[in-house]
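S.K.: First, the structure itself, so that you have it in front of you.
The values are calculated or read from the model by the stated rules, or taken from the named source; none is laboratory data. This structure is a prediction, so every number in the text was calculated from the model and none was measured. Here Cβ is always computed from backbone atoms with ideal geometry, including for glycine, and neighbour counts include all displayed protein chains. Heavy atoms of the whole protein, side chains included, go into the accessibility calculation; ligands, DNA and RNA do not. Shrake-Rupley method; radii C 1.70, N 1.55, O 1.52, S 1.80 Å.
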Protein chains: 2
Amino acid sequence: MKQHKLLNLPSIRRLPSYLQVVKTAMEEGKEYISGTYISQELELEAIQVRKDLALTGIMGRPRMGYPVKELINAIESFLQWNTDQYACVVGAGNLGQALLGFNELKKHKLHIVAAFDVDKSKIGKKFHGTEVFSLDEIGKKIKELGFNMAILTVPQESAQETAEILADNGIKAIWNFTNIKLKLPSDIIVQQEDLSSGYAVLSVKMARFS
Amino acid sequence: MKQHKLLNLPSIRRLPSYLQVVKTAMEEGKEYISGTYISQELELEAIQVRKDLALTGIMGRPRMGYPVKELINAIESFLQWNTDQYACVVGAGNLGQALLGFNELKKHKLHIVAAFDVDKSKIGKKFHGTEVFSLDEIGKKIKELGFNMAILTVPQESAQETAEILADNGIKAIWNFTNIKLKLPSDIIVQQEDLSSGYAVLSVKMARFS
């Protein structure tokens, strides 16, 4: 399997929080924002903020900071969040339904245009405005609706099998919310979302700082 | 606000995936597991695996690898996942309900013993076996049930206010699933779970590797 490894992973993970701080500053009418201000808002070291933001190609101006609009553009452009992206949710259980209603993704131009399930009682229903189709129809719906990304929220025992169906039907990227490490052809991009990772960090913080 | 900063954050985030690989090896009857095997399963560099696992205090044995049982104990002990931990979910919407049914947390000895909401239509209901109480009752329930951690899944507009209620009633740690940066007394430990971070990583992978 080809490895899709990124350098600067922790920096990339922090960029959305910068974006939020800078967008709030813009709403408050600010034209410039300093790295120090961002670092205080997010409880990071100022040098870390400068290093992370340099990834996007932007440099702050002495005594002025970063121009707010340019900074937003730089972050969004680096993340490709200035381009509309279309996806489906596969598995319309509680987590799938929660993601269908998660407006944050729409702000980043990720549009969830369909949901899929194998449970007949869910097919035809709408959750937060998005219709659930039978998984059998995914090939047809990909052609109709033009998405190439899937958010996988099925039970873990059907994760691998479902992911193979997605890959066979032309899905190029899978955001995997199951705890199964998927084995897929090397051209499929997978990002695993592991809630246990967050709990691991919280657990260590509780042990160290309580 | 006091900063609860951890060194080795990416390593800590990876420990749960190591734990899963090693537990699978134990179920398969293996007594030793090599760093190379773990690195292949998780598509990491072998040196990274050795470095991450060294955090827990364990060292591999030449030509043998890591003893499976000791490795599980070392990781669980480092994460404090060998001790029962009790928590509540605050906000019994789709995401809260999904977390109530997320068995992975139980495997790590995190027991969700109550849910809270302000929506009267939810109070008294059970989701995945856990009862929803009125948020007004949280102080009483903390005394009765003995939890000190809250998983915050309320809408973002009530996140800060709800977090203050939790802190006032004796909650010591908040796993924050809202996208609001909470402002709380320095003795409250907060871990923010930002789904946008995962989407940022996926977006960059799609841009680089598609």
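S.K.: Tally time: how many residues in segment A:1-35 are under 11 Å from A:Y66 (Cβ atoms), away from chain B (no Cβ under 14 Å) and open to solvent by less than 80 Å² (accessible area, probe 1.4 Å)?
M.R.: Residues that pass the stated criteria total 5.
S.K.: While we're here: Looking at B:M64, is it within 30 Å of A:K183 (Cα to Cα), among the aliphatic types (A, V, I, L, M), surrounded by fewer than 16 Cβ atoms within 10 Å (Cβ to Cβ) and at pLDDT 95 or above?
M.R.: Spelling it out, it is not the case that B:M64 is within 30 Å of A:K183 (Cα to Cα), among the aliphatic types (A, V, I, L, M), surrounded by fewer than 16 Cβ atoms within 10 Å (Cβ to Cβ) and at pLDDT 95 or above.
S.K.: Then there's this: So which residues in segment B:194-210 are open to solvent by less than 10 Å² (accessible area, probe 1.4 Å) and not small (G, A, S)?
M.R.: B:Y199, B:V201, B:L202, B:V204, listed by residue number.
S.K.: Further, regarding this structure: Are any residues in segment B:18-34 under 14 Å from B:R61 (Cβ atoms) and modelled with pLDDT under 95, and if so, which ones?
M.R.: Listed by number, the list is empty, since nothing qualifies.
S.K.: Could you tell me which numbered condition A:C88 fails, if it satisfies all but one of (1) over 18 Å from the mean Cα position of the chain (by Cα); (2) open to solvent by less than 60 Å² (accessible area, probe 1.4 Å)?
M.R.: Looking at each condition in turn, A:C88 falls short on (1).
S.K.: Report, by residue number, each residue of segment A:174-188 that is touching a residue at least 60 places away in the same chain (Cβ under 8 Å) and buried (at least 23 other Cβ atoms within 10 Å of the Cβ).
M.R.: Listed by number, the residues that qualify are A:W175, A:F177.
S.K.: Continuing with this model, one more query. Quick one: would you say A:L44 is in contact with a Lys or Arg (Cβ under 9 Å, 6 or more places away or on another chain), within 11 Å of another protein chain (Cβ to nearest Cβ), more than 20 Å from A:Q80 (Cβ to Cβ) and not β-branched (V, I, T)?
M.R.: For A:L44, the condition - in contact with a Lys or Arg (Cβ under 9 Å, 6 or more places away or on another chain), within 11 Å of another protein chain (Cβ to nearest Cβ), more than 20 Å from A:Q80 (Cβ to Cβ) and not β-branched (V, I, T) - is met.
This table checks each residue for (1) within 14 Å of chain B (Cβ to nearest Cβ); (2) among the basic types (K, R); (3) closer than 24 Å to A:E157 by Cα; (4) touching a residue at least 24 places away in the same chain (Cβ under 8 Å).
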residue	(1), (2), (3), (4)
A:G96	yes, no, yes, yes
A:L105	yes, no, no, no
A:H108	yes, no, no, yes
A:H111	yes, no, no, yes
A:D117	no, no, yes, yes
A:I123	no, no, yes, no
A:T130	yes, no, no, yes
A:D136	no, no, yes, no
A:K140	no, yes, no, no
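S.K.: When the residues of segment B:35-83 are narrowed to those that are free of Cβ contacts under 8 Å to residues at least 40 places away in the same chain and assigned to a strand (DSSP E or B), which ends up nearest to B:K109 (Cα to Cα)?
M.R.: It comes out as B:P67.
S.K.: Does A:V154 qualify as being over 17 Å from A:L184 (Cβ atoms) and in contact (Cβ under 8 Å) with a residue 12 or more places away in the chain?
M.R.: no
S.K.: Name the single residue that is farthest from A:D194 (Cα to Cα) among those in segment B:172-191 being modelled with pLDDT of 90 or more and within 8 Å of another protein chain (Cβ to nearest Cβ).
M.R.: Per the stated criteria, the residue is B:K172.
S.K.: Test B:L166 against the criterion of being open to solvent by less than 10 Å² (accessible area, probe 1.4 Å) and touching a residue at least 40 places away in the same chain (Cβ under 8 Å), and give yes or no.
M.R.: yes
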